[in-house]
Every structure is written in C-alpha cells, then in structure tokens.
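Student: Pasting a structure below so you can have a look.
The values are calculated or read from the model by the stated rules, or taken from the named source; none is laboratory data. Because the structure is predicted, anything quoted here is derived from the model rather than measured. Glycine also receives a Cβ, built like all others from the backbone with ideal geometry; neighbour counts cover every protein chain displayed.
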Amino acid sequence: MKAIVVLLDTLNRRMLQAYNPDTFVKAPNLARLAEKCVVFDQHWAGSLPCMPARRDILTGRPDFLERGWGGLEPFDETLPEKLREGRIFSHIVTDHYHYFGTGGENYCQAFDSWDLHRGQESDPWISRVRPQNPAEEIYGQTRPQYEKNRTVWREEADYPGPRTMQAACRWLEDNREADRFFLMVEAFDPHEPFDTPQTYLDLYGDDYTGPRYTWPRYGRATDSPEAALHLQRRYAAKVTMIDRWLGELLDKMDELGMWDDTLVVLTTDHGFLLGEHGMTGKNVMHVYNEIAHLPLMLHVPGVPAEGRRIGALTQNMDLMPTLLDYFGLDIPSRVRGRSLLPIARGEKKRLRDYALFGMFGMTVNLTDGRYTYLRAPVREDNTPCYAYTAMPTKFKGYYGKEDPAGIETGRFLPYTEYPVFRFPVSREGTPYSLLEHVRESRLYDMDTDYGQQAPIADAGLEAGYAWKLAQAMKDCEAPVEQFERLGLSHK
C-alpha cells in the first residue's frame, strides 16, 4: 500500500477541464489524472491561506478560528506522526519555501525525510550583496530577492516547479521496490509570480507589449483590459508548465505500475482572483467561490472511477483521516475531518451538512452546497479577536511584540491541556485595516448566482444561516470571542 498527495498551490478549479469543459487553459495531464480519479464537485477550502491550509491538511482540524499563519504546534497530532506510529514512511518533496521561513516551523520536519527545492518568490536563496535590478520596466510588483533568484533559470528544467516534479520522480525510482509509504509532492506553482518561459505564453497567443507583469498586487483591480488579459494568460501559462511536469510524475507511475496499489490525491490550498469581483489576489477580500471552491481528484485502488462525480461536501481537513483510514490506522478523536473512502466506495452519500472556511481575523464563511454565507465582523475595530498558539511566530514575524503587556498564558484550548499564549490581534477603537473590503456580510444562492454577483436581501434566510454558522463554529470548538466578534449567539 502506497499513497501520493499532489498539492499544487493556487490551482483555480474553474480553469480545469474536469470542472469546466470550455476552459481555455491547456492542462492535458490534469485531465489525464482526472480520468483515473473520482472527481469531487463540492470540495471546499478550510483555513486560508498557505500555512493555515497546510495545518488543516496535516492535522485534520480547522486552524483559522484560533490563529493564523504559523508553525505546527507541539500539541498537534499530525499525519506524518501517526503514519510513523503505523510504520508508514513519509517523505515530502516541495519548493514551497514558506516551510522554512519564520511562521512555517515543524511541517517538513514532521516527515521522515524532506527535500526542498529553492528559488520560488522571495525565498532567500541566491545571495548577492548588491541589488539585482530588473532589466525591464515592471508593472504590478516584484521583490529584490526574486530578481536574484530568477537569474539562475537558464532553461525550463531549472525552474523550481519542474525541479520539484523531477525530484518526486527520482524518489519513486529510488524506492521502486518499497511498500507502505506516503509521498507528498507539493509544487508552489501556479502561485504567483506567473513567470514561465516565453513558449508557454506563445501557446495562448499573448501579444502584450507593456511592462513586465507577472506579479499582481492584492486588492482592487486597476489593470487596463490588455494587462488584465495578459495576467490571465500568464496564470494559464504557469498552469500549463506545471501540468507538463506533472505528466512526468504520471509517466513514472505508469512505468512502475503503481496505480493498482497506490492511493492518489490531487488538490490545492486555495484559488485566486484574476479580476473577478473587480479584485485581484486573495486574503484581503471576501472568500468568494473562486478562492474557496477547490478541485479534488481521488484515485483509490480497486474503486471504479471513470466518469464518477461526487457531490458530497468535503474539505481539505478530510485528507488526514482519509490517509489514516487507507493505511488501516486509528483516527485521533480530536480530528474534525472525515475519511473520504466511504464516499469514494459508495458506502456513504454524505460526510457533513456544511463546510466552514475562512482566514483568521476576517470573515467566517459557510456553505451547505446551495448557499454560501460570508459573515463579516460587526465592529470596525474587529474586537474581540485573539490568537492562540504555543509557537508565537506568524508570517515573517512574531506575535505580541507591539503589546507584550496584553499577552496572557493558560490552557485556553478545549482539546489540549498544553498551555498556550493568547495574543490580542485587534485593539478597541482602532480600525482593523484588513477589513476594508469585507465590511458587510453576504449571502448567495449558488444555484442561480454561482458567480456571486447579487447578494440576497432576505433577513429571515440570513438569520437561518447565521444560526447554522454558529452551530458549525461550536462543532469546531471556536473560541467564544469569535462569536462576539461576528455578532453571533454562543448559546
């Protein structure tokens, strides 16, 4: 028995042939994989963005209600740990450099072995004392470290995404006689910057002549029509490039005859806006369907898959219990995810009544497959809001430096006796800047308005979904102040 999870960062569901037969994006290997898999139609994010999503995946619990970006906690029960107890070897190959920055502690180290491929985005890799100035005019953004990193990409195989897939192929070849292993193959692509060899842009007939535009800013979209189209083609080109190298991995699995005894999962952490809703990026706006509604493909040995679609609500925190179930291992009681295997085998038709998702300190969101409810904080200052962690690191920094006197410690989390810090992340009377684009709650009917263009103005219906949201938060053991922050009853 073997298992492989392929996680492609920022993979937009609507761009894939399995979900949109009319897509303009060329990704034949993702389509090829879909043919071997059960395809899930109602798969949703949990915690956003990158590292919170990975904590969901490795612990089977939602991260975003108690903290944001950060490392694995010392009290977390992780997938690699449980596999090791069951004598399943785990390995991760990745170019996701955030694993090795402040706020990304302990993830790769939880595996039996790991393999990092350097150079994505602002990975502090290529070391030059003097700045590497761009050779051309830049539109959008860039960063000095990225300009240094990209100087060493002489050919396509030098890019970090292709190197990651090649390394996964080598690992499978090196372990071709092995059994009982879990391989996580994680490519940062197609995450921005949308930088590829020109040949991939040529596939899309791109004739843009403006300044280099590979890395958009998050927020209101202000691009010209030409720049907006170019950005969409840039994204498509990066999908096509990583798809080409995913094909190498699928070829290696074919060569080694792995499909009969290997569970395979393909998914992503979140999507990305490319002008929809008048916005670009993620994190700073409502968690629209383009960001939260994700692709999920699952190949289970011995389970007929061809053409099968599953409409049950699923989330990324279901991957951990699925893998433990596949290897015949016990699922810890604190896990809130559920194994996908009974659904894939046709033994069950549903796992849950709702999917709960969001980004820490922002909106808290719920879908039941028909409606999506995006609940905004009721106060401009976003109080009360606390982060709970025993690892006080966050994205490229540390919690509490601004207000050490406000830090408390205690056994605040109901599912562990391990003491944690409690950090105030908002201040009474001080506007919370991240709420600029999410001041109002919104309710959408996905049957009639999947693109979420017209919020429903129905107080009675919204009240019902506010109640459902509160029940979902209770099920996930949300800290009590989260209910107050959102104007919900905890009773």
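Student: Looking only at residues in the range 393-432 that are under 20 Å from residue 480 (Cα atoms) and of a type in the set (A, V, I, L, M), which one is farthest from the chain's Cα centre (by Cα)?
Tutor: 407
Student: Out of curiosity, is residue 131 out of contact with any strand residue (DSSP E or B) (no Cβ under 7 Å at 6 or more places or on another chain) and modelled with pLDDT under 95?
Tutor: Numbers: out of contact with any strand residue (DSSP E or B) (no Cβ under 7 Å at 6 or more places or on another chain): yes; modelled with pLDDT under 95: yes.
Yes, satisfied.
Student: Would you please name the residue that is farthest from residue 146 (Cα to Cα), looking only at residues in the range 194-242 that are aromatic (Phe, Trp, Tyr) and assigned to a loop (DSSP other than H, G, I, E, B)? So that I can check it myself, show each step before the final result.
Tutor: Step one: of the range 194-242, the residues aromatic (Phe, Trp, Tyr) are 194, 200, 204, 208, 213, 215, 218, 235.
In the following step, the residues that additionally are assigned to a loop (DSSP other than H, G, I, E, B) were identified as 194, 204, 208, 213, 215, 218.
Numbers: 194: 12, 204: 25, 208: 22, 213: 14, 215: 11, 218: 18 Å.
The qualifying residue farthest from residue 146 (Cα to Cα) is 204.
Student: Please identify the pairs in which a residue from the range 299-325 that is assigned by TED's automatic domain parsing to the domain that holds residue 7 has its Cβ atom under 9 Å from the Cβ atom of a residue that is assigned to a loop (DSSP other than H, G, I, E, B) and of a type in the set (Phe, Trp, Tyr), counting only partners at least 6 apart or on another chain.
Tutor: What qualifies is 299/259; 301/259; 313/354.
Student: Which residues, taken from the range 322-339, are more than 22 Å from the chain's Cα centre (by Cα) and in a loop (DSSP other than H, G, I, E, B)?
Tutor: Answer for the range 322-339, where residues must be more than 22 Å from the chain's Cα centre (by Cα) and in a loop (DSSP other than H, G, I, E, B): 327, 328, 329, 330, 331, 332, 333.
Student: Which of (1) touching a residue at least 40 places away in the same chain (Cβ under 8 Å); (2) under 20 Å from residue 193 (Cα atoms); (3) in contact with a Leu (Cβ under 7 Å, 6 or more places away or on another chain) does residue 12 not meet, given it meets every other one?
Tutor: So residue 12 meets the others, but not (3).
Student: Determine which member of the set 382, 316 is on the phi > 0 side of the Ramachandran plot and surrounded by 14 or more Cβ atoms within 10 Å (Cβ to Cβ).
Tutor: Details: 316 fails: on the phi > 0 side of the Ramachandran plot.
Of the residues listed, the single one that is on the phi > 0 side of the Ramachandran plot and surrounded by 14 or more Cβ atoms within 10 Å (Cβ to Cβ) is 382.
Student: I've got another one for you. Within the range 303-313, restricting attention to residues that are at pLDDT below 95 and exposed (fewer than 15 other Cβ atoms within 10 Å of the Cβ), which residue is nearest to residue 357 (Cα to Cα)?
Tutor: 308
Student: Output the helices (runs of 4 or more DSSP H) that fall wholly within the range 1-94 and possess 3 or more residues being hydrophobic (A, V, I, L, M, F, W, C) and either surrounded by fewer than 22 Cβ atoms within 10 Å (Cβ to Cβ) or modelled with pLDDT of 95 or more (or both), or say none. If you could, list the steps in order and put the result at the bottom.
Tutor: Details: elements: 28-35, 50-59, 79-85.
Output list reads 28-35, 50-59.
Student: In the range 331-352, what residues are of a type in the set (D, E, K, R) and in contact (Cβ under 8 Å) with a residue 60 or more places away in the chain?
Tutor: Hits for the range 331-352 are 334, 336.
Student: Sticking with this one: Quick one: is residue 76 touching a strand residue (DSSP E or B) at 6+ places or on another chain (Cβ under 6 Å) and of a type in the set (Asp, Glu)? Please lay out each step first, then the result.
Tutor: Values: touching a strand residue (DSSP E or B) at 6+ places or on another chain (Cβ under 6 Å): no; of a type in the set (Asp, Glu): yes.
Judged against the criteria, residue 76 is not a match.
Listed here are the residues, each with its yes/no results for (1) buried (at least 18 other Cβ atoms within 10 Å of the Cβ); (2) closer than 24 Å to residue 401 by Cα.
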| residue | (1), (2) |
| --- | --- |
| 431 | no, yes |
| 451 | no, no |
| 463 | no, no |
| 482 | yes, yes |
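Student: If you scan the range 433-491, which residues turn out to be part of a loop (DSSP other than H, G, I, E, B) and hydroxyl-bearing (Ser, Thr, Tyr)? Working first, answer last.
Tutor: Step one: of the range 433-491, the residues part of a loop (DSSP other than H, G, I, E, B) are 436-441, 446-458, 476-479, 487-491.
Residues satisfying the conditions are 441, 448, 450, 489.
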